[in-house]
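The values are calculated or read from the model by the stated rules, or taken from the named source; none is laboratory data. A quick note: this is a predicted structure, and the numbers were derived from the prediction, not measured. Cβ coordinates were reconstructed from backbone atoms using ideal geometry, including for glycine residues, and neighbour counts include every protein chain displayed. When the accessible area is computed, the model is the full protein with side chains, heavy atoms only, and any ligands, DNA or RNA have been set aside. Shrake-Rupley method; radii C 1.70, N 1.55, O 1.52, S 1.80 Å.
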Amino acid sequence: MTTPLFSETLLSPYSLLVSAGAALGLGISAWQTNGDKLFLVNAGSGILLAALLGARLDFVWLHGAYFGNHPEEILQFWLGGLGWCGGLLGGGLALVLVGLFSCRKTGTLAGAYLPLLGSLSISLWLATWFRGGVYGPTTDAVWGILTRDEFGVLARRFPLPLLGAFFSGAAIAAVHRLRIKGWLAFPAQRGVLGVLMTSLIILGGTFLRVDPGPTTAGLRRDSWSALVVSGISLASYLFLVRRYRMNQLLIDPEQVTKTLTNFIRDVFQTTGRSQAVIGVSGGIDSALSAYLTVKALGEERVTLVRMPYQTSSPDSLEHAQLVIEQTGAEAETVPISGAVDEVLAHFPDMDQVRRGNVMARMRMIILYDRAAAKEGLVVGTGNKTETLLGYSTLHGDGAFDLNPLADLYKDQVKQLSSFLGIPREIIDKAPSADLWEGQTDEEELGFTYEEVDQLLYLMVEEGKGKEACLETGFEEAFLEEVVNRVLSYRFKSKLPPAASIGQQPLDTLEELPAFSE
C-alpha cells in the first residue's frame, strides 16, 4: 500500500481552514458591494470552484511524476496539495467568463472580489503552516517558530507561511486603502493589482522555501508559475492604466453610488420631506434614479409612477414594471391618454415634437400632484448629456426637485446601472423617450451618445478648445454641430433670466443674517 503525498481527510484542519477563509472572503465581498449580493455569492462560488480546479491541476503538474504513478489521487483534492498560481489563473479565467456571459463589467467584479482574494490567501498560507507542507530554513533566531516538516520533524524555522499570510493581508489592505484615497479609481485596477501583489508574494516565498519540490532550469516549478502570473498581471495592469487614461468617462461605480445616495439623503433631510416620487418610463435613466433613491431612502419611502400614453411601447411598460418589482417600491399607474388627447384636440396641426412636449408636461403635472399628496419631492431622471444637448422638455422631464443623475454622462449612467444590477434588457435597449411609436433618441439627435459623450467630456470636463478636440480625431462638422446645439439650448440648463432694479437678488438669500443665523 502506497502512502499518498498528503494524508488529510475532507474534514481535516487544512480543508476546514481553507473553506472558512473562502466563505469569510465571499461574505465580505457580498456585504461591501452595492450591487446584486445574491448574484455576487453565486458567481463567487463558481469562481471558487474554478480556482480549486486550477489549483489542483497546477499541483498535479508540479508533481507530475508522483501522480503519474498514482492517478487515482488526482481528483482527491482533500488530501491536500493546491498550486497557488493555478488557482489564481483558474479563478481569473472564470471571472472573465462570468463577466462576459452575465453582461456585467469584469473589472467591477474583480474589484468586488478583492476581499475574497485576501481572505483566501491568508487562509491558504495558514493552512500550509498547520500542515507543514511549506516551510523555510531552520534558524536559531528568537523569531523562529517551531514547525514540522513533511516527515514530522519539529524544528525552529523561518516563519515563511506566517509572513506570507501577513503580507497577503497587508497587500490587499493597501490596495483597499489606495482606493479610498482615490489613487485607484477603477475596480479593474484594484482587482488586477491585488492579483499582481499576491503573485509577487508567492514568487518571493518560492525563493525562501526549503521543502522539497520539483525544479526546472534551476528554479522551482512553482517559481516559474508565479513568474508567469506576475507577468500577466503586470501587463494587464499597465494596459488598464493606459485604457483609463484614454477613456476619462470611466467612473468608480462604488464611490459614485455612495456619493449619490448621500446626496439624496442630505436633500431629504434638509427639506424635511420623507417621500420621493419618480416617474418610471422603462428606460435606463428613470431606472437608475429609482434604484439610487430606494437604496438611499428605503423602498417604503419611494413611489414609482407609470404614466402610459396609448402609443407607449409594451416593452416600456414591462421594463417599468420590472424596475418596480426589483426595487420593491410602492407603485402607481396613471394613464395620460385622455388628458393629453383633450389638449391635442384643440391643436390638430401639432407636429410630433409639440405633441411629445404635451405628454412630457402632463406627466410632470401628475408627478408633482402625487408629490404634493404625499408631502414629498419629485426626483429627476435626466443625465448630463441630455441637459447639455437640450434634449429635454422644460417643465416636463426637465423639471424636478432634485436630480441624482445631473452630473452623469449617458455612458456613465450605463456603467452605474450595470454595477447596481439593473436588468440588461433595460441597459442595452436603444434609448427612447417613448413619445411616439418607433422614436429613438439617437435617431432624433443624428448621432450616438457614445461619440457625443467623448466630445462633450473633452470640452466640458477637460476644458479643451475646438482645435484641441479636432486634434483628437473628431470631424469638424460634427464638432460644430454639437457646439451649436449646446449653445442654442443653453437656456434650458440655466434658471430663467430675472430682471433686477437694484434690490437684493433672491439667489443670495441664504447669505442674509435673518436666514443664516
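Quick check: convex hull of the Cα atoms in the stretch 336-389, volume per residue, rounded to a whole Å³?
Working: hull volume 5.0 nm³, N = 54.
With only Cα atoms used, the stretch 336-389 gives 92 Å³ per residue.
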Accessible surface, 1.4 Å probe, highest first, among residues 342, 481
342, 481
Under a Cβ-only charge scheme (Lys and Arg +1, Asp and Glu -1), can you give me the dipole magnitude of the chain about the Cα centre, in debye to the nearest 20?
2180 debye
Quick calc: nm separation of the 7 Å Cα→Cβ label points for residue 487 and residue 373 -> 4.6 nm
Acute angle (nearest 10 degrees) that the helix 284-297 long axis makes with the longest principal axis of the chain, alpha-carbon atoms:
70 degrees
As I understand it, the value is the acute angle between the Cα axis of helix 37-62 and the longest principal axis of the Cα atoms of the chain; what does it come to in degrees, rounded to 10?
30 degrees
Of 74, 504, 472, farthest towards positive along the dipole that unit charges on Lys, Arg, Asp, Glu beta carbons give the chain
74
Work from the charge dipole of the chain (Cβ charges, +1 for Lys and Arg, -1 for Asp and Glu, about the Cα centre) and give the residue of 92, 316, 212 farthest towards its positive end.
212
In percent, how large is the relative contact order of the chain, given Cα pairs closer than 8 Å and 6 or more residues apart?
11 percent
Under 15 Å from the 7 Å Cα→Cβ point of residue 447, by amide nitrogen: which residues of the stretch 388-422?
388-391, 410-411
Debye-sum result for the stretch 90-183 in log10 I(q)/I(0), which assumes one identical scatterer on each alpha carbon, at q = 0.15 Å⁻¹:
-0.72
Within straight-line cross-link reach of residue 492, lysines at Cα separation under 29 Å, skipping those fewer than 8 residues along the same chain:
258, 374, 384, 410, 414, 429, 464, 466
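Run lengths n ≥ 4 of DSSP H only: what is the helix-derived mean residue ellipticity at 222 nm for the chain, with -39500 (n - 2.57) per run over all residues, to the nearest 500?
-18500 deg cm²/dmol
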Dipole of the stretch 78-176, Cα-centred, from +1 at each Lys and Arg C-beta and -1 at each Asp and Glu C-beta, to the nearest 20 debye?
220 debye
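Working with all protein chains in place, sort 126, 160 by solvent-accessible area computed with a 1.4 Å probe, largest first. All intermediate terms of the calculation are to be shown ahead of the outcome.
On the way: 126 50, 160 10 Å².
Reading off the accessible areas and sorting them downward yields 126, 160.
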Any idea what the dipole of the stretch 289-328 comes to, in debye rounded to 20, about its Cα centre with Lys/Arg Cβ at +1 and Asp/Glu Cβ at -1?
160 debye
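If the convex hull of the alpha-carbon atoms of the chain is projected onto planes in all directions, what is the mean projected area in square nanometres?
Details: hull surface 137.3 nm².
Its Cα hull, projected and averaged over all orientations, spans 34.3 nm².
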Using a 7 Å offset from the Cα along the Cα-to-Cβ direction at both residue 325 and residue 258, what is the distance between the two label points in nm, to one decimal?
3.3 nm
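Please list 465-471, 328-334, 420-426 highest first by mean number of surrounding beta-carbon atoms within 10 Å per residue. Display every interim value, and only then the final one.
Numbers: 465-471: 12.6, 328-334: 15.9, 420-426: 17.7.
With the highest mean Cβ count within 10 Å placed first, the list reads 420-426, 328-334, 465-471.
For residue 354 and residue 300 in the same chain, what is the full-extension length gain: residue separation times 0.36 nm, less their Cα-Cα distance, in nm?
Working: separation 54, 0.36 × 54 = 19.44 nm, distance 3.62 nm.
Gain on stretching residue 354 to residue 300: 15.8 nm.
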What is the local net charge at residue 470, summed over the other residues whose Cβ is closer than 12 Å to its Cβ (Lys, Arg +1; Asp, Glu -1)?
-3
Cα gyration tensor of the stretch 197-241 diagonalised, 5x eigenvalues square-rooted, in angstrom largest first, produces semi-axes 24, 11, 5
Partner aspartates and glutamates whose C-alpha sits under 19 Å from that of residue 37, ignoring same-chain residues fewer than 8 away, are 252, 254, 299, 325
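Which is the longest stretch in the chain that no exposed loop site breaks, taking sites as chymotrypsin sites (Phe, Trp or Tyr not before Pro) with a DSSP loop state and at most 10 other Cβ atoms within 10 Å? Let's see the in-between values first.
Working: sites that count: 143, 151, 183.
For chymotrypsin sites (Phe, Trp or Tyr not before Pro) (loop position, at most 10 other Cβ atoms within 10 Å), the longest site-free span of the chain is 184-517.
At R0 = 60 Å, how high is the FRET efficiency between residue 332 and residue 61 if r is their beta carbon distance? Nearest 0.05 is fine.
Numbers: r = 61 Å, r/R0 = 1.02.
E between residue 332 and residue 61, to the nearest 0.05, is 0.45.
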Distance (nanometres) between label positions extended 7 Å along Cα→Cβ at residue 170 and residue 235
3.0 nm
To the nearest 10 degrees, how steep is helix 314-327 against the longest Cα principal axis of the chain, on a 0 to 90 scale?
60 degrees
Checked against the positive end of the charge dipole of the chain (+1 on Cβ of Lys and Arg, -1 on Cβ of Asp and Glu, about the Cα centre), the farthest of 116, 427, 127 is 127
